[in-house]
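Shown next, in structure tokens, is the structure this report addresses.
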Amino acid sequence: IRCWSNIPFITVPLSRAHGKSFAHRSELKHAKRIVVKLGSAVVTRGDECGLALGRLASIVEQVSMLQNQGREMMIVTSGAVAFGKQRLRHEILLSQSVRQALHSGQSQLKDMAIPVLEARACAAAGQSGLMALYEAMFTQYSICAAQILVTNLDFHDEQKRRNLNGTLHELLRMNIVPIINTNDAVVPPPEPNSDLQGVNVISVKDNDSLAARLAVEMKTDLLIVLSDVEGLFDSPPGSDDAKLIDIFYPGDQQSVTFGTKSRVGMGGMEAKVKAALWALQGGTSVVIANGTHPKISGHVITDIVEGKKVGTFFSEVKPAGPTVEQQAEMARAGGRTLAALQPEQRAEIIYRLADLLTDQREEILLANKKDLEEAENKGRLALPLLKRLSLSTSKLNSLAIGLRQIAASSQDSVGRVIRRTRIAKDLDLEQVTVPIGVLLVIFESRPDCLPQVSALAIASGNGLLLKGGKEAAHSNQILHHLTQEALSIHGVRDAVQLVNTREEVEDLCRLDKLIDLIIPRGSSQLVRNIQKAAKGIPVMGHSEGICHVYVDTDASVEKVTRIIRDSKCEYPAACNALETLLIHRDLLRTPLFDQIIDMLRVEQVKIHAGPKFASYLTFSPSEVKSLRTEYGDLECCIEVVDSVQEAVEHIHKYGSSHTDVIITENEKTAEFFLQHVDSACVFWNASTRFSDGYRFGLGAEVGISTSRIHARGPVGIEGLLTTKWLLRGDNHVVSDFSEHGSMKYLHESLPLPQRNAS
């Protein structure tokens, strides 16, 4: 705990040797000393007269938060000219109105022309007000701010430079935030082409160059440049093909076309890039981002420091492979080529992948062994996750069988006609199946997911981005290599991409222009996080697998224990494992009930009692904390219900619409349950574990969806397809079908073409 002015605040361990900039965004959280440069467009209002107070307050709040974490924050600000312009305009209007009223004798004012205000005069009038505003805002967070005005000469005079450096260090030592600005009241007009005078000199002609110069002088870890654009684009923002550059490297200037400067201020984007590269060369990392967007300005600075993908990050370390954006574009292009192949060719690729899984078994298991050893040594994975991470010969054989099922069933997937209509004479309409586009599948601890999902994407003609957990890195690497080897037989190697960069899942979920569907495979927390982070991209999946088995009064003694044991104990970590066992009240204290309890004890299943079940017992197991719990282990909840109707109501209230089962010999009761339970999968006298794409005969699944739109339950090839409409005409126009036109609508249903019997 550090104290300043009797206000305690928590510090975070931050230290690094200055000299080299950070190589990756994820390292920015280690930044100790940070300069935030606020461009004129960020600080001023849209009318360029006055300050954007709400935006400024948000920026001060973020800077204060970082300062109270123990970081050393500095602000290079614009805004004095705009604030002064507002004050001087007000004074001129007031003065003119008084003179006009005296001259005319009337209080009603006529239109008054405001003279053009000289920038230096505006700066002189605005500096004190701007600083007073900063002081008032920082006071709300018990932080002191200090003003420093500089000019270019202060950096050229060695004594002044030392004095400035000493002053800034002393202020930072005392936990004071320096507010720095060029002294626009006395600064000479900017000279053209005086931006950069060599490696060791940068001319302070605007606040971009001032921030860069200051960052290097003060050995700053991070310079954040906030402007009115999202970052650096490869062409002027607003042009048709403009793309935001995520990471900019020295030497990439040739690939960028600069536009005009911002609506206010001295520097344009070209000046910002030059200043950023100069700072980068001096050992300071730089991010250029948007500080005006209402949806992100409230957390843009903290997001950057947390390493999130915001704006353009300047780095000297160029990665060996493509960026994730480039991978997504490669996957889309590869997916389109894949969709254009003949069905037999796509099937050949999947058959080849199935063969490789068995032929390269030893290499796969060796890579998986490395992952298991690393996971066990680090001790980070719970036992259920370790089981999911593990591959075996039997698992690989099952995978190969599943892939061959997919290949056999994929012959008539893409381009299948599902509706034909004759709109009018010689005007026929068809609805045909087509791929969704580019899929992003994010999975944890399950390397067997990679070939399954790849095969389904290949069969459906979709491009695929795969993001696996780092705990399965070695396994995923070899399985992806084998997938690309199989794809290569028809020249579509790029259709399936494995994301190996340091991309955060949250950043991937923002690529709404590159990704068409996100499919999470993992814990309920992972799914919830992705659903929350996805911006404009649909997410297919389920957040929880709270599966129920209801034991009815007419249940068969022989079936009950077998189905419950299989549902709970066969693979307790699976999302389709039993979590809540509902028992009809009449079965309590019967031999059947005792058999169920004995079996669960033998299998070492920990029992949690629901509220009603606990009320029937003198000494009950631990009462459940929540009836909406997914245990994912050898644990389950037991609750009592009075009827099948109450069982259905319980499932609707506490379930997750995944898989629910009734065990009964009464067909009428079973049909009531099957028809009334609103879940993706509802079974009668069968284990919850049948809720699986492989067991359904789909070959494999990309996941189980509890959504009510598009696909529900285990999602195989059909769930990865959408449709498009094909209309074939012969000089048809809508006006021919008007009241006095020559043609009439027929809307006749036409027979569908025969599907491939194989």
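The values are calculated or read from the model by the stated rules, or taken from the named source; none is laboratory data. Keep in mind that this is a model prediction, so the values were computed, not measured. Because the Cβ atoms are built from the backbone with ideal geometry, glycine has one as well, and the counts that use them run over all protein chains shown. To get the accessible areas, we keep the full protein, side chains included, count just its heavy atoms, and leave off ligands, DNA and RNA. Shrake-Rupley method; radii C 1.70, N 1.55, O 1.52, S 1.80 Å.
Structure notes:
- Convex hull of Cα atoms in the range 612-751, direction-averaged projection (nm²): 15.5
- The chain: angle of helix 119-139 to the longest principal axis, Cα-based, in degrees nearest 10: 50
- Of LYS387/LYS606; LYS29/LYS243; LYS606/LYS668, those spanning more than 31 Å from alpha-carbon to alpha-carbon: LYS606/LYS668
- Against the empirical 2.2 N^0.38 Å (N residues), the range 487-618 has a Cα radius of gyration ratio of 1.57.
- Nearest-ten-degree value, helix 393-409 long axis tilted from longest Cα axis of the chain: 90
- Built amide H within the under 5 Å cut-off of ALA424, gap 5+: LEU746, HIS747
- Descending semi-axes in whole angstrom, ellipsoid equivalent of the range 472-557, from the Cα gyration tensor: 34, 21, 13
- From helices alone, the chain scores -11500 deg cm²/dmol at 222 nm; the rule is -39500 (n - 2.57) for each run of n ≥ 4 DSSP H residues, then divide by the residue total.
- Diffusion constant of the range 344-455 at 4 °C, which comes from Stokes-Einstein with the Kirkwood Cα-pair radius and 1.567 mPa s, µm²/s: 76
- Kirkwood Rh and Cα Rg combined as Rg/Rh, the range 548-701: 0.93
- Pairs spanning more than 24 Å between alpha-carbon atoms, out of LYS318/LYS470; LYS309/LYS470; LYS378/LYS470; LYS467/LYS625: LYS467/LYS625.
- For the chain: span of alpha carbons on each principal axis (Å, largest first): 100, 83, 67
- Distance cut-off 14 Å, percentage of C-alpha pairs in the range 111-178 lying past it: 70
- Measuring spread by the Cα atoms of the range 623-702 yields a radius of gyration and Dmax of 13.7, 40 Å.
- Between helix 80-104 and the chain: long-axis angle, C-alpha atoms, 0 to 90°, nearest 10: 60
- Rounded if a/c under 1.5, otherwise prolate or oblate - the range 397-445, Cα gyration tensor axes: oblate
- When you count the other C-beta atoms within 10 angstrom of each residue and take the mean per peptide, 422-430, 729-737, 645-653, 571-579 line up highest first as 571-579, 645-653, 422-430, 729-737.
- Relative packing of 743-751, 529-537, 468-476, which averages over residues the other C-beta atoms within 10 Å, highest first: 468-476, 529-537, 743-751
- Label sites at ILE401 and ARG528, each approximated as a point 7 angstrom past Cα along Cα to Cβ, lie 3.7 nm apart.
- Computed from label points 7 Å out along Cα-Cβ, the spacing between SER735 and LYS370 is 7.0 nm.
- For a label point 7 Å along the Cα-to-beta-carbon line of LEU746, residues of the range 402-440 with backbone N under 19 Å: 418-431
- Excluding ligands, DNA and RNA, the accessible surface per residue across the chain is 46 Å² with a 1.4 Å probe.
- The stretch between GLU558 and ARG162 holds 133.7 nm of extra length on full extension. This uses 0.36 nm per residue minus the Cα-Cα distance.
- Nonpolar atom fraction for the chain, defined as the carbon and sulfur part of the 1.4 Å probe accessible area, stands at 51 percent.
- With each label modelled as a point 7 angstrom along the Cα→C-beta vector, the LYS425-PHE690 pair spans 5.5 nm.
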